[in-house]
Each structure stands twice: as structure tokens, then as C-alpha cells.
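Contents: one structure, followed by commentary.
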Amino acid sequence: MAPTKRKPVLLDFEKPLSELETRIDQIRELAENSDVDVSGQIEQLESRASQLRQEIFSGLSPAQRIQVARHPRRPSTLDYIQTMSDEWIELHGDRGGSDDLALVGGIARMGGRSMVMLGHQKGRDTKDNVARNFGMASPGGYRKAMRLMEHANRFGMPIVTFIDTPGAYAGVKAEEQGQGEAIAYNLREMFSLEVPILCTVIGEGGSGGALGIGVGDRLMMFEHSVYTVASPEACAAILWKDAGKAGKAAEALKITATDLTQLGILDQTLPEPLGGAHRAPLQAAETLKQALLDNIETLSQLAPAELREHRYQKFRKIGKFVEAS
Amino acid sequence: MSLLDWFANRRKAEPTNQAQPERDISDGLWTKCDACGVMTYTKDLRANQMVCLECGHHMRVFSEERIEQLMDADTWIPLNEQVSPIDPLEFRDRKAYSDRIRDTQAKTGLTDSIQTGIGQIDGEPAAVAVMDFRFMGGSMGSVVGEKLTRLIEKATAERLPVLVFCASGGARMQEGMLSLMQMAKISGALERHRDAKLLYIPVLTHPTTGGVTASFAMLGDLIVAEPKAMIAFAGRRVIEQTLREKLPDDFQTAEYLVQHGFVDLIVPRTQMKATLAQLIRLHQLPSAKVSASTGAASLNGAGATRDTASSSAS
Ligand SMILES: [Zn+2]
């Protein structure tokens, strides 16, 4: 994972915290140039900072969580894959004329086991983000993902997917190449696969573009990740006729791990390091790795037909309605 | 609400249904075509299935009308009519979702944006779903997901083809992620139907967009569309905003999708019933034909109860 030498990117609600941290740095610097012992004072301030961080991050609003989920330094699919796996070979192409850089995949070895890993890939900087289309996959991306999943199925490898996209790409070319068809095909075919499928929302899960690699036996989410039916911005523009109401929409749409657990959609929430996964990426990767290995272990006990039946029933029961008799 | 109350409400609401503002010119006797502007005697227009006699423009039809156009008389057996939406997120935008449901139900006489059932098309038994754009823009929430899934499961068990008339603005935002998950749930049911080697044909009508396009609308063994229907994953406006350029006029029309290989056939509404029946027949094995005609005979029996009729359709 990239060393965090770069200047930290601060979110607006982290401001009181950053002020405190700047003061700690200033005192440290002063102490270096004098004989005064400030260690006690620094210790006290640091404990206050940690307490403040705890307070801020335990009470994040859905809109603030989106900011954490979209944090430019948040670990990406390739960051996790490269950190967690002992071996990794990225593979390319949908065999239909394209190789989408916004959706990456390949074969990895993790915990002594071969598996196919794939996911949306956001850029690590502006230039990379342009190349990766900000993690918005094209039809070719979904077709590449399906091709790799079919490969996994043929060779009996578990499938691990990482969801991190604002949504599937909306553009002329995407429509022309059948964005709807590409996603739909994955939704159906993922039910037919006879190997364990584990899906994790590592950042933001945006609508059909997320679901297109999100039909699995287990759905996991990092604590500050979000998963939405439509972006709060679009939802606000349509339902409130006011894009400025995005915060309100984020609240109403129920997009956090806690909400989705209550709705019977999410199976497991992965705790993040204090202040978000980007503050301690290695720790986040370790949490994810353990959870993946545990789940693969459990799911591997199931016969292929059982696995398919469980997957079907998992989705079959999602939905809330009344039935008068 | 009991089923009887619901029927009573629906009957009460019926007069409003017939007075569609977009079609109604004062007394409703005459209807103006949205495309060519020509006024047609409404009775003649209805007889032509709301296809303009002058220019062939397909005006919007709603679920009851569609079922009437498609199904053989007295063969339609509606299913799961008692499945009704609730407000699981306590969602409120400019209006509370629970109020929106109640008001829309009262206005349209529908429980939600889809009707499902089993019946015959030119003597061919089929499981049919018809979406209704009047109900919150045909949006897909838990009820659409549940009713479609039950219909597909029943069709798989009884070895029936499935036809779904799509008309939808996409996932229903007021039910949040529950709506998105219906895309997967329905696709899962379609996977089992397909695995049983049964025929599925979605019919894309104006408009078919968003989450519906990214799931069951595009999963047909064959895909049929009505002329000029708008079929899209992302809306035209969204794309125009991102790209800041004008899009071609035929962008995202049924014809455009045929050109790009995503739709098999464009079928005018007046030929829809005959074409669908023909497609179903073309997929029957010689042995299956016998059981289908047996089913047809008993379904036509005047005294057939709901249970016996649906089991004889298997
Ligand atoms: Zn006309």
C-alpha cells in the first residue's frame, strides 16, 4: 500500500481535530528548540485528540460517511488485493473488444488458496482517476468481470468482489454497448455459479453499477462504507427537485451498514481503524482478509447445489410488503 | 384493507381511470394524437389499441387495457392481487411515501405498479406481468419484485412461458436499497426459469429505463419492443449533462436498440398478440403442444374455479 507520506486530506468535520493536531505539532517543535519538558502536556493533548476522533467518528451522519467512503486516500480494490494476497496476477479484457480499467480482476493466492478477485478501481490520483473513469465501469467492465467469474467457476475457485463505484458509467458509448444488458446478465448468471461468492463494499456502492458484481453468498461492508439505490445527489434532484438536499436524501435513503443490516440486506460489518480505513490501511486489509478467509472456509463446506440454493434464498427473502388475506 | 374493500375501492376509482387527462378532450369522445395532433374518435382509437390511425403513433396504454388487448376473453386469472406496498424506511421527500402510496392507490385503483396473472394468448397458456406507468412512474419496489418473482416461480413449476410488459422509470427510491435488491431477486428467479429451459420474453414499452433495463428487461431469450419506445439504462438528461452535447434524435429508441443488437423485434401493438402467440408456438416441442391444448380446453370451461384453472394450466 502506498506510504502515507503525502499531506493528509482532511474532511470538513475533522477540522476541530486537525486544529488540535496542529497545536500538538507546534508544541513539539517548540520543545525541540528548548529545554522545557512538554511530554506531559503533549500526552494530555494527544489523549484528547484521540477521544475527539472517537467522538466524531462514532456519530457520523450518513452524508459524512459518504465523505469518508469517497475519501481520496481510502484504500482501493488493488490496494487491498496487493496487500492481502501472497500472489496476484491481473488479467485483462472482456473478449469482446475492450479492457475496462475501471473494473479490474485477476487470480490471487490468499491463505494458501487460489481465488478470483475483482472489483471497481478508482484512481489513486487525478491522472489515474481519468484513466479509471473514477471507478465507473463500462459494459466491457461488467463483461470482463463475468468472464473472470466463469473462469473461477470452471476451476473451482472462490470469487471475491470489491465494490467501490459511484455508479455504472452513463454515457453514449455505454448505452450503445448495452450497459443495462451487461449488468442484467451478471445479476442472473451470478446465481448460477457453483463456487462461493463474497462481495464487500469497500468504499461506495452506487446502485446497479455496484450490484453488477454484488450478487453473492455474503455481503460485507466496511463500517463507513455506503450502499445506495441512487446517489443522494440524483435522488435529491428528482424527489426534492433540489440537488442541495443531498444530505437529507442521504439520511432518508438508509445507506449505512447499520441501516442495511436492519433491512436484512447486509450480512456482516467490518470495523474500520479509528478515523477511517485510510488512516491505517494495513489494519483494514488485515480485518478484510480474516473475514474473507473465515467466510470462504464456511462456504466451502457446502455442496454446489446447496450453495446456489442458499444464495437464491438469501435474495428471495429481501423486500417489505403487506399481504391482506 | 380486505380484498373486498379493495375491489370496492377499485370500482369506485374506475371512472377516474377512463378520464385520462392526456387523452381527454373535454368530453372524452375525441382524442388528440401526441405525435401528429390529429383528433380521432376515441372509440375508434380504442378499437385500434390506442395506436393513432393517422400516423401509427403508439399512445400509452395502462395495465387493464393491455391485459384486455393481449389475453383471450375470460382466461385471465390474476395472481397475488393482495400484495401491497408499505413504507419500510418511513421515507419522506416533499410528501410522505405512505401518503403517496395511499393517494396513488385511490387515484389509479391499483395496489402497485404491476399486475400479474396466468391466462391464454391465442390459446397458448402463459404467465404474464404488465407494469403500469400510472403508479409512481412504474417504479420497481418490493411489491414489483415479489409479484414478479412469485409469477416466475409459478411459471417454472408449471412449465409456462413468461411474458413481461415493461414500463418503468426504474427502481423506486422511496424503498431505498430494498428496491435495488429486487433486481437481483427477479434475476435469480429468471435464472431458474431459464435453467428449466423455459421461454421468457420481455416486451419493452415506452419508457423502459434504469433498474428495470439493468435487470429483467434485458434478460429475455428473445426481446420484443413497441415502435419508438424509449429504452435506456441512464436517462438522456443525465447523459446530456455529463457530456454537454446534444444526442441524436433516435438515441435510446427501440429502433436504436435493434440497430445495436439489444432487441430482436419491433412489433406494432396491433400485431403484438398474434406475434407473441406465434413465438410461443415456435418454441413448443411436439409433445408439449398436446398438454397446452388440454389446458386450453379446461381453462375455457365456464365454471372453472381459480384453483382448478391454474392447475390445469400446468
Ligand atoms: Zn398521430
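Some values worked out for this structure:
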quantity	calculated
For the pair B and A, total buried accessible area rounded to nearest 100 Å², probe 1.4 Å	4900 Å²
Residue order for A:Ser138, A:Ser34 - accessible surface, 1.4 angstrom probe, largest first	A:Ser34, A:Ser138
Partner chain coverage, peptide A:211-218 - average Cβ within 10 angstrom	3
Cut-off 9 Å between beta-carbons: net charge of the residues surrounding A:Ser98, Lys and Arg +1, Asp and Glu -1	-1
Selection of GluC sites (Glu not before Pro), segment B:198-282, meeting DSSP coil and at most 15 other Cβ within 10 Å	B:Glu245
Acute angle (nearest 10 degrees) that the helix A:139-154 long axis makes with the longest principal axis of chain A, alpha-carbon atoms	70 degrees
Of all DSSP beta bridges in segment A:66-316, antiparallel share, percent nearest 5	40 percent
Most to least accessible of A:His278, B:His193, A:His92, B:His57 (protein chains only, probe 1.4 Å)	A:His92, B:His57, A:His278, B:His193
Net charge of Cβ neighbours under 14 Å - reference A:Ser85; Lys, Arg +1; Asp, Glu -1	-2
Beta bridges by DSSP in the protein assembly as shown, antiparallel share as percent, to the nearest 5	50 percent
Carbon/sulfur fraction of accessible area - segment A:13-59, other protein chains in place, 1.4 Å, %	45 percent
Segment A:208-284: trypsin sites (Lys or Arg not before Pro) falling in loop per DSSP and having at most 15 other Cβ within 10 Å	A:Lys241
Karplus-derived HN-Hα couplings along segment A:105-120 (A = 6.51, B = -1.76, C = 1.60, θ = phi - 60°), whole Hz, x at Gly and Pro	x, x, 10, 10, 10, 9, x, x, 10, 7, 7, 8, 10, 8, x, 5
Distance violations [Cα-Cα > 32 Å] among A:Lys7/A:Lys314; A:Lys254/B:Lys32; A:Lys144/A:Lys314; A:Lys127/B:Lys228	A:Lys7/A:Lys314; A:Lys254/B:Lys32; A:Lys127/B:Lys228
C-alpha long axis of helix A:15-32 to longest principal axis of chain A, angle in °	50 degrees
Shielding by other protein chains, A:285-294, mean Cβ within 10 Å	0
Angle in degrees between helix A:39-58 and the longest Cα principal axis of chain A, rounded to the nearest 10	30 degrees
Average beta-carbon neighbours from other chains, 10 Å sphere, peptide A:169-179	6
Relative contact order of segment A:66-316, defined on C-alpha pairs under 8 angstrom at six or more residues apart (%)	17 percent
Accessible surface, per residue, of chain A when the full set of protein chains is kept, probe 1.4 Å, Å²	43 Å²
Nearby aspartates and glutamates by direct alpha-carbon distance to A:Lys122 (threshold 20 angstrom, same-chain neighbours under 8 apart not counted)	A:Asp79, A:Glu90, A:Asp94, A:Asp99, A:Asp100, A:Asp164, A:Glu204, A:Glu223, A:Glu233, A:Glu272
Segment A:1-77: trypsin sites (Lys or Arg not before Pro) in DSSP coil with no more than 12 other Cβ atoms inside 10 Å	A:Lys5, A:Arg6
Chain-alone versus full-assembly comparison, segment B:50-91, residues with accessible loss of at least 50 Å² (1.4 Å probe)	B:Gln82, B:Ile86, B:Leu89, B:Phe91
Protection proxy ranking of A:167-178, A:297-308 - average other beta-carbon atoms within 10 Å, highest first	A:167-178, A:297-308
Cross-link partners of B:Lys107 among lysines (Cα-Cα below 22 Å; sequence separation of 8 or more within a chain)	B:Lys12, B:Lys95, B:Lys147
Segment B:126-192, accessible surface, carbon-and-sulfur percent (1.4 angstrom probe)	53 percent
Principal semi-axes in Å for segment A:182-227 [√(5λ), Cα gyration tensor, largest first]	19, 13, 5
Mean-position separation - Cα centroids, segment A:213-288 and segment B:141-175, in angstrom	27 Å
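The values are calculated or read from the model by the stated rules, or taken from the named source; none is laboratory data. Here the structure is a predicted model, which is why all the values come from computation and not from measurement. For neighbour counting, all protein chains shown are included, and Cβ atoms are generated from backbone atoms with ideal geometry for every residue, glycine included. Accessible surface is based on the protein model in full, side chains and every heavy atom, while ligands, DNA and RNA are left aside. Shrake-Rupley method; radii C 1.70, N 1.55, O 1.52, S 1.80 Å.
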